[in-house]
Amino acid sequence: MPKIANKVSSISFDCWIKTLQPEAFSDGVYTLLSESRAAKEYARNDRHFPYIEAALKETAPIIEQVKIIDPVEKEGAAPLNAFRANAVLQDKLLVNPNMTFENFIVGKSNEIVAAAAENVAKNPGKRINPLFIYGGVGLGKTHLLNAIANRVINEKPELKIILATSEKFTNDYVLTIKSKESPQEAFREKYRTVDILLIDDIQFIAGKPGTQEEFFHTFNDLIQNGRQVVITSDRHPDEMPKLQERIRSRFKSSLIQDIGSPDVEMRTVILQKKANMENHRLEPDVVQHLAQVAVDQKLNIRDMEGMLFKVIFYAGLMNHSTPTLDDCRVAMKEGVGEDKKVQTTADHIIEKVCKYFDVKKGDLIGKKRDRCFAEPRMFAVYLITEFLNIPLVSIGQMLGNRDHTTILHSRNKIQSSLVTDPRTKMIVRDLTKLIKSE
Ligand code: ADP
Ligand code: MG
């Protein structure tokens, strides 16, 4: 799917294409399930379908034909074997191309674990096997796993690699139990024939006996055959009470590396790097200030990024080419307010939101709950409350007679994800520009 993302606007991509789910694969026909009929129509139109088809065929050459069905068609069809459809794509699509070693800043808190991960990518199954990485949330575990995957995909494309969360592993396993045709084999075919297995957030399998059992055998099988296994967890094996003893002892015989919280110097480097990746440059005093705030507030790296995006966003609203210290203070105190001076109307905002997301006004204010309409609706609510001083009850009336608590909920949802989610931030930024432009 990342291949398609470049060809289609990011909003359309997220809304209509990323939501397609592998449904089945048989006789060369790869079937995708869309969330709704509208989504199916969109994905099937001439502007998008050729890209979807080409990207899938390129990823898995055994695919001869691609079919997209909607939930109603699925109901009518014979049950399909979803598990095989997933296996065809080998989960390669789940690797985040931005999480590379090149983008990973190394400092005291992570140098050993980063070196271990690079070594694994260089000599999979050889020296450090298995590798167990643990550390608090937002400190780079998922980044390192993806970095290993990206390096291997680029430099050793012949190796078969799976990067999955333990939830994905569990879901695949549960699916095999439910499906009738030789289920175990399909699952084993997938997980035991890999050269490298990367499992993120293993803590979630604690408390799931069946999955633990299967994982234990998969793990042993791979290690015995000289295949590489890397596992991450938000805690040490000793701190997972529901983990089976034999798995715990297997983990404890791994190379266990923890990943810590970065110091202020490392934070300045990370902040500058993240800003550069977004095509921004930070002044030394600003970057120092942000790093210090992050240390004082004990922010993890993900939250620190959130803070940075907020500051950059605010500076953009103020038309500053680079954030000032004042921007940092205001942005962190007040969020993105400030724009209320602009003259606009609710209708104008709704019109811009519809244009941006490519939806009809009737659908935006209508009753449909598909994500493709619900999401633009939430952005419309948020922007109306930001730009205009209108009571929530009135906003509800404008948007298809919705209750004011629904309106409040939508506004809060966008407001909070604005801090943590770069995509939300980007959409609000784009829309703000659009609304201000005319
Ligand atoms: P975890 O899986 O430990 O919860 P992630 O790997 O998802 O954390 O990291 C959270 C965010 O911080 C991601 O955007 C990641 O790219 C970034 N990040 C973490 N560590 C570093 C680092 N050392 N250098 C650059 N970015 C980092
Ligand atoms: Mg993670």
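One chain, two ends: GLN297 and ILE390. Fully extended at 0.36 nm per residue, the span grows by 30.0 nm beyond their Cα-Cα distance. With all projection directions averaged, the alpha carbon convex hull of the chain covers 22.8 nm².
Using DSSP, restrict attention to beta bridges with both residues in the chain and report what percent are antiparallel, rounded to the nearest 5. Around 20 percent antiparallel, to the nearest 5. Phi angles across the stretch 43-56 convert, under the Karplus curve 6.51 cos²θ - 1.76 cosθ + 1.60 with θ = phi - 60°, into 3J(HN,Hα) values of 5, 7, 6, 4, 6, 10, 4, x, 5, 4, 4, 5, 5, 5 Hz, Gly and Pro given as x. For the stretch 208-278, the alpha-carbon radius of gyration amounts to 1.56 times the rule-of-thumb value 2.2 N^0.38 Å expected for a compact globular protein.
Judged by the mean number of other Cβ atoms found within 10 Å, the most tightly packed of the peptides 294-302, 115-123 leads the ranking 115-123, 294-302. Placing unit charges on the Cβ atoms only, positive for Lys and Arg and negative for Asp and Glu, gives the chain a dipole magnitude near 280 debye about its Cα centre. Taken along the Cα-to-beta-carbon direction at a fixed 7 Å, the label points for ALA374 and THR420 span 1.8 nm. So if R0 is 60 Å, what FRET efficiency would SER249 and VAL72 give, r being the distance between their Cβ atoms, rounded to the nearest 0.05? Plugging the Cβ-Cβ distance into 1/(1 + (r/R0)^6) gives 0.75. Between the amide H of ASP258 and those of TYR134, distances stay under 5 Å, these residues lying 5 or more places away or on another chain, with hydrogens modeled in the peptide plane.
Peptides 406-417, 239-250 ordered by packing proxy, namely the average of other Cβ atoms within 10 Å per residue, highest first: 406-417, 239-250. Applying 1/(1 + (r/R0)^6) with r as the Cβ-Cβ distance of ILE112 and ASN412 and R0 = 41 angstrom yields a FRET efficiency of 0.50. Working note: Karplus 6.51/-1.76/1.60 with θ = phi - 60° gives the stretch 188-203 the couplings 5, 4, 6, 8, 9, 9, 7, 8, 9, 10, 10, 10, 9, 6, 5, 3 Hz, where Gly and Pro are set to x. Each residue in SER233, SER321 was given a count of other beta-carbon atoms within 10 angstrom of its own, and listing them fewest first yields SER321, SER233. According to the Kirkwood relation over distinct C-alpha pairs, the hydrodynamic radius of the stretch 121-271 is 16.1 Å.
Neighbour counts of other Cβ atoms within 10 Å put CYS354, CYS328 in the fewest-to-most order CYS354, CYS328. Neighbour counts of other Cβ atoms within 10 Å put MET426, MET266 in the fewest-to-most order MET426, MET266. If the segment from THR324 to ARG188 were pulled out straight at 0.36 nm per residue, it would be longer than the present Cα-Cα gap by 43.4 nm.
Express in % the proportion of alpha carbon pairs of the stretch 185-244 at distances exceeding 13 Å. Here the long-distance tail beyond 13 Å is 63 percent of all Cα pairs in the stretch 185-244. Projecting the Cα atoms of VAL72, LEU364, ASN276 onto the charge dipole of the chain, computed from C-beta unit charges around the Cα centre, puts VAL72 farthest toward the positive end. Maximal additional length on extending the VAL174-GLU278 stretch stands at 33.5 nm, based on 0.36 nm per residue less the C-alpha distance. In sequence order, the stretch 216-221 has phi-based couplings of 4, 5, 4, 4, 4, 4 Hz under the Karplus curve 6.51 cos²θ - 1.76 cosθ + 1.60, θ = phi - 60°, and Gly or Pro positions carry x. Determine the alpha carbon to alpha carbon distance for each of LYS367/LYS413; LYS74/LYS156; LYS18/LYS367 and list only those over 30 Å. LYS74/LYS156, as the Cα separations exceed 30 Å there. The simple spin-label model puts a point 7 Å past each Cα toward its Cβ; for THR405 and LEU94 those points are separated by 3.7 nm. Taking amide H positions as modeled 1.01 Å from N, with prolines and chain starts lacking one, the residues under 5 Å from THR165 and 5 or more places away or on another chain are ASP200. Near GLU23, the amide H atoms lying under 5 Å from its own belong to THR31, LEU32, LEU33; only residues 5 or more places off or on other chains count, and H is placed 1.01 Å from N. Students often get this wrong, so check it: of LYS40/LYS361; LYS57/LYS433; LYS273/LYS436, which have C-alpha atoms separated by over 32 Å? Over 32 Å apart, Cα to Cα: LYS57/LYS433. At a Cα cut-off below 15 Å, give the aspartates and glutamates reachable from LYS208, other chains included and same-chain residues fewer than 8 away excluded. Here the aspartates and glutamates satisfying the reach criterion relative to LYS208 are GLU167, ASP172, GLU245.
Every number here is computed from the coordinates shown, using simple stated rules; none is lab data. No experiment lies behind these values; they were computed from the predicted model shown. We place every Cβ from the backbone using ideal geometry, glycine too, and count neighbours over all the protein chains shown.
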